[in-house]
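Here the structure comes first, spelled out in structure tokens, and everything after it is commentary.
The values are calculated or read from the model by the stated rules, or taken from the named source; none is laboratory data. Model, not experiment: these values are computed from the prediction. With ideal geometry, Cβ positions are generated from the backbone for all residues, glycine too; neighbour counts draw on all protein chains shown. To get the accessible areas, we keep the full protein, side chains included, count just its heavy atoms, and leave off ligands, DNA and RNA. Shrake-Rupley method; radii C 1.70, N 1.55, O 1.52, S 1.80 Å.
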Amino acid sequence: MANTSTHVAHDADHDHKPHGLKRWLFTTNHKDIGTMYLVFALLMFFVGGAMALVIRLELFSPGVQFVDPGFYNQMLTMHALIMIFGAVMPAFVGLANWMIPLQIGAPDMALPRMNNFSFWILPFAFTLLMATLFLPGGGPAGGWTMYPPLSLQGGDSFALMIFAIHLMGASSIMGAINVIVTIMNMRAPGMTLLKLPLFCWTWLITAYLLIAVMPVLAGAVTMLLTDHFLLTSFFNPAGGGDPVMFQHIFWFFGHPEVYILILPAFGIVSEIIPTFSRKPLFGYDAMVYATASIAFLSFVVWAHHMFTVGMPLAGQLFFMLSTMLIAVPTGVKVFNWTTTMWRGSLSFEPPMLFAIAFLFLFTIGGFSGLMLAIAPADFQYHDTYFVVAHFHYVLVPGAVFAIMAGVYYWLPKWTGHMYDMKLAKWHFWLSTISVNVLFFPQHFLGLAGMPRRIVDYNTQFTDWNVVSSIGGFVFGFSQLLFVWIIWKSARSGAKATAEVWDAQPSGLEWTVPSPAPYHTFDKAPEVR
Amino acid sequence: MATTHEVDPNRYYVPHSSPWPIFGSVALFVLAAGAALTLEQTTLGPYVLGLGFLLLFVLFFGWFRNVVDENQAGMYNAAVDRSFRMGMMWFIFSEVMFFAAFFGALFYARQFSLPWLSGEGAKAVTNVLLWPGFEAAWPSNGPADLGPRDDGSFETIPAFGLPAFNTLLLLTSGVTITIAHHALRAGKRAQLSLFLAATWILGFIFLGVQIYEYHYAYTDLGLTLGTGIYGSTFFMLTGFHGFHVMVGAIMLLVIWLRVVKGHFSPERHFAFEATAWYWHFVDVVWLILFVFVYWL
């Protein structure tokens, strides 16, 4: 028995790690798993991005020229599913895996084997989902929201899509349980909850949201499945059901889901802005309470996605007002970030640039969200490109920019090398300009009445679609720079110090060397 | 394997590598693909599905044996124990939310869909144009009277027959597992073993009664999955509950076997408690089911 314990001690001392494929298949190490999540998310980002480019190519001019309408519908459905469940969510989980144990001084995630399980489910789930593209009839084409009765008319892809979503849900729930248990049980002595880094806080709250709503999505798609195959009548009025019921159940999941896609982004930005402003975060406690309030409110706003479907007036009023209420805690956050920068000694390294772009552009998405929240106005905006512009503003220069900011912030900690700052700034400016060229015109298109999810459009919409498509292609290809920068940093570059940034960032992750050793905080650090 | 060593209270046990997660991912993949192929009625489907279940069984057996061995070898300190507890609690919470979706569907159908189909509120036109003459009542198989019988009729299972008996079974099993828990903490192993056995036996009897009830519903009552919204909510809610009872009863059986092998101490018995929580969760879901599905 003495054998085993010396072996363990040896492992900890000498940064020993297994080699070859087995390391990645069998790993229980939070850093390995975080890396796999991030690489997988990047891959899916390009797969989903390629689909977006198919969409933008087709919309470059009116008429149907490059793809047939059925394939177009598959592309827009798969683009959404892949970007949400394959790119943004796994990227956040990857960051959580890498950073939460480092930020709270824990030796690893609390449940390391389950951690690897929740990762490895994903490639298999997406294999199932993407395999549908090669079936007769192609992939799911009814939109990622899967509204019945349309989605029930799906072909061979239907069952595979449902089961793929079940698997993704299982993965998310396990990941969320791991985050909660890690943060609640593994904090270094002295790290009270209100000393927790904000990235951990926002992820903790996100994890609660995930556990609460992913099972609801599982239930909703299970009802679709039984309605399709086993004769149930959940969404069939002839049997006493109602297709609108699906929308209620779906959006009870769906609205917290959009906060799942943004809360960790808030956390990342809350780490970066203080560092490069060389000031502590303004209103830390308020940030925590604002995050919790947003999460709470997210459960009582879902029907604002379905104002036009028909609901009692009282329902419309309730959901309109509760939705607008979310602007309050979100405003608290935006003002706190701004106030953190106020009279700070700012410097504009790539992570800070992305964080500032996030602050401005996410706020634009927030404001268009407020416009959409107004029920009578929403009757006009519903299912137009205005909605597309809105949620892409919060997701791309919102969530995705925050992820990129996080990667640029922590990359030297992972690889041990600084990356090419100049190239990263190129990446930033190309992305930031093109993302606005891509999505801002879609506001105009939507207000002018262009419907979303349709392969063709009236010729009056041509000009702004051309602009948007040009922006789309520039944005898409600019992301190759991101891959190149990461790749180069993984191989070579100036040696990063433990602190990485001159700005002297605070947090336990900066007390370990760069690259972070395979095992960190075997002994918990003391937090004052 | 099962050598004993001292628990280091300061070292959180992190396993070094494990084949089970990737094995489990493959198992779930085969299971999902098999289920899809079966539903699409391909000849290969049931075989793939069967293989999936087999792999799943191997997964649970292998992974849990691994964990039990590590536990018996004393590799888990109090912090690891706490992680397991929190993990189990949040897992049960996720299950609660899964059932919430189906209860939500039940309440929505009763409170909104059916009244609206019969023309209540602002939906009068739906009734006049699509389903003239339909009047909402519960239980309902909808305006088209869906179901296996030609005349569209069906009967329901009265609450105060078998379902009430089943309620009694589950409540009793809740008491027996609590007695078993007290016995475990007092070190009375014989009593522990006896009451734990009673618990899983009650669980399996419950399942037997449910199977009988399903058979009766299908053959004699015209009540099937296809019997409109009543059949849908009835079978999906009781079906998923029954599935959870089965899982819970298997868990009880496994920890009973572990008790017989001499596992668990009066101080440390996480697996026992986790199973007990799960069993109580299944019990509470049943009580809600009994009230809203069978009774009211």
Only listed residue being touching an Asp or Glu at 6+ places or on another chain (Cβ under 9 Å) and at positive phi, chosen from B:133, B:152: B:152
Residues satisfying the stated conditions in the range A:227-254, i.e. open to solvent by less than 10 Å² (accessible area, probe 1.4 Å) and part of a helix (DSSP H, G or I): A:239, A:245, A:246, A:250, A:253, A:254
Which numbered condition residue A:469 fails, given (1) assigned to a helix (DSSP H, G or I); (2) open to solvent by 10 Å² or more (accessible area, probe 1.4 Å): (2)
Filtered residues of the range B:102-122 (kept if crowded, with 18+ Cβ neighbours inside 10 Å and part of a loop (DSSP other than H, G, I, E, B)): B:118, B:119
Failed condition for residue A:167, given (1) open to solvent by 10 Å² or more (accessible area, probe 1.4 Å); (2) facing chain B (nearest Cβ under 9 Å); (3) more than 20 Å from the chain's Cα centre (by Cα): (3)
Selection count, the range A:472-498, where residues are surrounded by 15 or more Cβ atoms within 10 Å (Cβ to Cβ) and over 17 Å from residue A:426 (Cβ atoms): 3
Pair list, Cβ under 6 Å, 6 or more apart: the range A:105-131 residue in contact (Cβ under 8 Å) with a residue 24 or more places away in the chain, other residue assigned to a loop (DSSP other than H, G, I, E, B) and surrounded by 24 or more Cβ atoms within 10 Å (Cβ to Cβ): A:115/A:109
Looking only at the range B:14-30, and only at residues there that are open to solvent by 30 Å² or more (accessible area, probe 1.4 Å) and within 23 Å of residue B:47 (Cβ to Cβ), the one that is farthest from the other protein chains (Cβ to nearest Cβ): B:23
Test: residue A:144 is closer than 19 Å to residue A:88 by Cβ and surrounded by 24 or more Cβ atoms within 10 Å (Cβ to Cβ): no
Test: residue in the range B:56-79 that is assigned to a helix (DSSP H, G or I), open to solvent by less than 20 Å² (accessible area, probe 1.4 Å) and at pLDDT below 95: yes
Subset of the range A:119-141 [more than 22 Å from the chain's Cα centre (by Cα) and crowded, with 18+ Cβ neighbours inside 10 Å]: A:132, A:138, A:139, A:141
Matching residues, the range B:168-218, being under 26 Å from residue B:268 (Cα atoms) and of a type in the set (Gly, Ala, Ser): B:173, B:174, B:180, B:183, B:186, B:187, B:190, B:193, B:197, B:198, B:203
Test: residue in the range B:42-54 that is more than 11 Å from chain A (Cβ to nearest Cβ), in a helix (DSSP H, G or I), over 23 Å from residue A:135 (Cα atoms) and among the aromatic types (Phe, Trp, Tyr): yes
Close pairs from the range B:203-215: first without any contact (Cβ under 8 Å) to a residue 60 or more places away in the chain, partner of a type in the set (A, V, I, L, M, F, W, C) and open to solvent by 20 Å² or more (accessible area, probe 1.4 Å), Cβ under 7 Å, at least 6 apart: B:207/B:246; B:209/B:162; B:209/B:165; B:213/B:162
Residue in the range A:185-203 that is at the interface with chain B (Cβ under 9 Å from one of its Cβ atoms) and without any contact (Cβ under 8 Å) to a residue 40 or more places away in the chain present: no
